[in-house]
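Some notes on the structure that comes next.
The values are calculated or read from the model by the stated rules, or taken from the named source; none is laboratory data. Computed from a predicted structure; not experimentally measured. Positions of Cβ are backbone-derived with ideal geometry, glycine not excepted, and every protein chain shown enters the neighbour counts. For the accessible areas, the whole protein counts, side chains as well, though only heavy atoms, and no ligand, DNA or RNA atoms are used. Shrake-Rupley method; radii C 1.70, N 1.55, O 1.52, S 1.80 Å.
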Amino acid sequence: MQVPSAVTTFLFTDIEGSTRLWEHEPERMQPALARHDALVRAAVEGNHGEVVKMSGDGVHAAFADPLDAVCASIQLQRALRDFETTNGVTMRVRCGLHAGVTERRDNDFFGNAVNRAARIMSTAHGGQVLLSQAVAVLVGERLPAGVTLRDLGVVRLRDLASPERVYQLVHPQLRQDFPALRSLEATPNNLPQQVTSFIGRERELAEVKKLLSNTRLLTLLGVGGIGKTRLSLQVAADLMDDYPDGVWLVELAPLTDALLVPQAVASVLGVKEEAGRPVVEALIRYVSDRRLLLVLDNCEHLLDACAELAKQLLQAGPNLRLLASSREHVRVAGETIYPVPALATPDPYEKFIHTALTQYEAARLFIDRAVAAQPAFEITQQNAAAVAEVCHRLDGIPLAIELAASRARALSVETIAARLSDRFRLLTGGDRTALPRQQTLRALIDWSYDLLTERERGLFLRLAVFAGGWSLDAAEAIGADADIDETDVLDLLTQLVEKSLIVVEANGGRYRLLDTVRQYAQECLAKSGKEKQVRDRHLAYYLALAEKARPELFGTMQRTWLVRLDLERENLLSAHSWCDRTEGGAEAGVRLVYAVKPYCFNRGLLGLGHRLTVEALAREGAQERSLARCKALADAGQFCSFMGRYREAQGHLEESLAIARQIGNTGMVARVLQPLGMASLGQGNVATAQRYLEEALTLAREQGDKRELAGAINALAQLHRIQANLKTAEPLYDQVVALARELDDREIIAVGLLNLAMAALGRGANERARTILLEALAIAEEIGSRPAGQSVVEVCAGLAALRKEWERAARFYGIAQAQIAYTGIQRDPTDEAFLRPLVAKSREALGAAAFAAAENSGRAFSYDAAITEARAWLENRSG
């Protein structure tokens, strides 16, 4: 029997730690649970509620009046205060309440309100009662005497949909203070907020969670659009409590280079390669002692790389779990496969009452998305058969259903069904459901593509060149041509969004294509004969963007541009790859890597930056001894030097210097001589280093370039300081700071101040060093310079040792070492010579074990926490 939809309040309960109770109290738990069930049923039914179902150790109940649900919760919690009523077993029950419009069928309820009530309950602690805003509004001023609601604020629930304002029920006889809610914010994660609700999949959720508890690697298998990603995200959200070190999503769809798979994982986890070592080694160390869940999404085009990385990480991390999604097996020993089924679909030839459609997940999804597209849409007896036909013909593939439902904005369901029938006629010579689902999905996208105007199609296929999303500016620059004016791109882009072929990111500032749709668009672009033209424009746009960004990465706009390049990283990599295949790609390639070098340095992507630069230099046509090659060689040398690979750095820098001298570019000669001197110093060639650095200083003075002059003076001061000649070094650092202040270059000011602080510490001026460090720290925070922040912490370790605060020195040293692992930036020989003996003194004073303990505590600090710690200590004059 079906009952019309109505506003219903749902109560979900659950016993906190029931598994542990069964393990510790197996004999007493069965009668205790029976008593618990009786108390729950009495509380529900005694307050005019209905027990929908008892599941495991909880209840799902429904109430017509939300106040009755509140009273039932209070009665239950009060009854459970006396643990003698539950056979001497203390049971802490958590409760969640939410109200909404639902569909009822055969004594069960369906709809988002039911799922949301369960999610609210899952955020609570034992003994806690949580209410949604809807329930709080509905009970209003009717709460029992002495009962109040405490606003706990807006939290992200684990259904990944919109956040919810949650209230705690406060009763004078019940516990009132609890830890933070078990929301998405409670566990480290990067799970994205979803703009649509998660429909159905209750059985799949339960099966996947059960499988994941018994396997180290679980792969969700299925065709594009089947819902693998959405299912994996929901599973990850549900299992957060099992992974205290976090659940992390790694999106592999934008990657085209298998070598970047470990880097993508490292980027998500905040792990960076150490100098001269592959990033995989850093990942192996990271996962070795952590309990975390890693979601590898869209592995199919990078299977070998994913398999190799999965094997290494699983062997290294006993508490690591991998949840992968792919169209093909990863094929790693121990892998468990879970084929993601299509959504259950109705039989269009079955005669049924229209409300019975909601028993099918595919129909529920269609209805939900159709209402989102057209709020006036409703299911009726007249259109029910058409809805059933659409869902059936689309094989229950979620993406296909969502694309079809979006047409409800302009078409009736009957028209949608008819269009599907016309378009799929060629695919249904026999039993259409026996054909591969990929063809079905492709046919649907064919149909969506056929509905576009010629100008919409033109823009759609051009957007296929983007990787990882794009901005409106990029779409206008690359999508416009003789057929489409730049001023028309926004309207066309909006129309493509309206037709569900393009997704708008949550903040509304960027766009992207779903993976399957993007692959389709790429095929269209390849067939159009315009691919080279469009990809050349893509390369030109991102080369121009990178070259515009480079000078901004040295000043006060550094943070803004770093964030912008973060968003465009995949497009920059795609542009780099296209340089292999286009005319003029060699020159564009070396310009591109030169432009992104500061970004790679600041983001700790030294290995990636070095690889891209070497690839650009090796590209056919890039061997001409030009200024562009000279600059790229200098950057390759600097990357190597930053990573401590001084001999390799020397090779790149010597060739760069030779070209600079050959073409008579004294500015580049001066610029190359500085890192070449430091590379020589790193190899212990002090005399050679001094010769290079003195020449660099002379040339910089002759040219009057204050920035190069500051760099040259700083490098020469480093040489004097490593020789313990502080009287000469310190005035030089003062000159560096003065020049940088004239330039208003905050980064160079910070560098000069940090070196001044170390020089001051070298002569015992600890208070002067503290003041200088505070200014350097303020600059690092102001411009978002992670290298500067890292150096501040390193110098703090030395200052703490000089103050004989041995434990603090060890902790700061641990923080610094963790940041080196993150950024890959090694201390240069001068800074290492400053810090090494002070660390040794601290280790000797504390003893090896105590020093290691303090160092390890520092390694656990996040970057932000490290900066906060350093600032607080430096501001405390007596500390």
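Structural remarks
- Where labels lie 7 Å past Cα in the beta-carbon direction, separation of Arg707 and Arg203 in nm: 6.4 nm
- Distribution of pairwise C-alpha distances over region 22-129, 5 Å bins, in %: 2, 12, 22, 25, 20, 11, 6, 3, 0
- Ranked by how many other beta carbons lie within 10 Å on average, peptides 168-175, 21-28 from highest: 168-175, 21-28
- Shown in residue order for region 157-171 are the 3J(HN,Hα) couplings computed by the Karplus curve 6.51 cos²θ - 1.76 cosθ + 1.60 at θ = phi - 60°: 7, 7, 7, 6, 8, 5, x, 10, 7, 10, 10, 9, 6, 10, 10 Hz (x for Gly and Pro).
- Heavy-atom accessible area ranking, 1.4 Å probe, most first, across Lys53, Lys527: Lys527, Lys53
- Rounded to 0.05, the FRET efficiency of the Ala872 and Ala765 pair, given R0 = 25 Å and the Cβ-Cβ distance, is 0.70.
- When Rg and the Kirkwood radius Rh are both evaluated on Cα atoms of region 515-652, their ratio Rg/Rh stands at 1.01.
- Between 0 and 90 degrees, the angle of helix 558-567 with respect to the longest Cα principal axis of the chain falls at about 50 degrees.
- Here the gap between Asp864 and Asp242, fully extended at 0.36 nm per residue and compared with their Cα-Cα distance, gives a gain of 221.4 nm.
- Label positions at Leu411 and Arg559, each projected 7 Å from the Cα along the C-beta direction, are separated by 4.9 nm.
- Cα gyration tensor shape of region 209-279, rounded if a/c is under 1.5, else prolate or oblate by comparing a/b with b/c: oblate
- Length added when fully stretched, Arg647-Lys527, from 0.36 nm per residue minus Cα-Cα: 38.4 nm
- With both residues required to sit in the chain, DSSP beta bridges show an antiparallel share near 60%.
- Using heavy atoms of the protein chains and a probe of 1.4 Å, the accessible area assigned to Trp806 is about 60 Å².
- Rolling a 1.4 angstrom probe over the chain with all protein chains present gives an accessible area of which 50% lies on carbon and sulfur atoms.
- Set Lys530/Lys631; Lys272/Lys597; Lys631/Lys706; Lys548/Lys706 screened for pairs whose C-alpha atoms are more than 24 Å apart: Lys530/Lys631
- Exposure ranking of Lys597, Lys804, Lys209, Lys727 by accessible area [1.4 Å probe, largest first]: Lys727, Lys804, Lys209, Lys597
- Using R0 = 45 Å, the C-beta based FRET efficiency linking Val7 and Val504 works out to 0.90.
- Relative contact order of the chain: 7 percent, from C-alpha pairs under 8 Å at least 6 residues apart in sequence.
- Cβ-Cβ FRET estimate between Gln312 and Gln194, R0 fixed at 30 Å, reported to 0.05: 0.45
- Cβ-defined net charge surrounding Ser574, 11 Å radius [Lys, Arg +1; Asp, Glu -1]: -1
- In nm, spacing of pseudo-spin labels at Leu802 and Asp483 (7 Å Cα→C-beta vector): 6.9 nm
- In sequence order, region 688-700 has phi-based couplings of 5, 4, 5, 5, 4, 6, 5, 5, 4, 5, 4, 5, 5 Hz under the Karplus curve 6.51 cos²θ - 1.76 cosθ + 1.60, θ = phi - 60°, and Gly or Pro positions carry x.
- Per-residue Karplus couplings for region 271-285, computed as 6.51 cos²θ - 1.76 cosθ + 1.60 with θ equal to phi - 60°, are listed in order as 9, 10, 5, 7, 4, x, 10, x, 5, 4, 5, 5, 5, 4, 5 Hz, Gly and Pro entered as x.
- Scoring 480-490, 180-190, 356-366, 610-620 by mean Cβ neighbours within 10 Å over their residues and listing the highest first yields 356-366, 610-620, 180-190, 480-490.
- Global form of region 128-280, assessed from the alpha-carbon gyration tensor, a/c cut-off 1.5: prolate
- Here the scattering of region 654-751 is modelled by Debye summation over its C-alpha atoms, one equal scatterer each and no solvent; at q = 0.17, 0.22 Å⁻¹ the log10 of I(q)/I(0) is -0.72, -1.12.
- With contributions of -39500 (n - 2.57) from each DSSP H run of at least four residues, the per-residue ellipticity at 222 nm computed over the chain stands at -18000 deg cm²/dmol.
- Global geometry of region 223-317, whether rounded, prolate or oblate, following the gyration tensor of its Cα atoms and the 1.5 cut on a/c: oblate
- For region 704-856, averaging the sequence separation of C-alpha pairs within contact (under 8 Å, six or more residues apart) and dividing by the residue count gives a relative contact order of 19 percent.
- Computed over the chain, the quotient of the alpha carbon radius of gyration and 2.2 N^0.38 Å is 1.10.
- Within-10-Å neighbourhood charge of Gln173 [Cβ basis; K, R +1; D, E -1]: +3
- Over region 101-153, the ratio between the Cα radius of gyration and 2.2 N^0.38 Å evaluates to 1.34.
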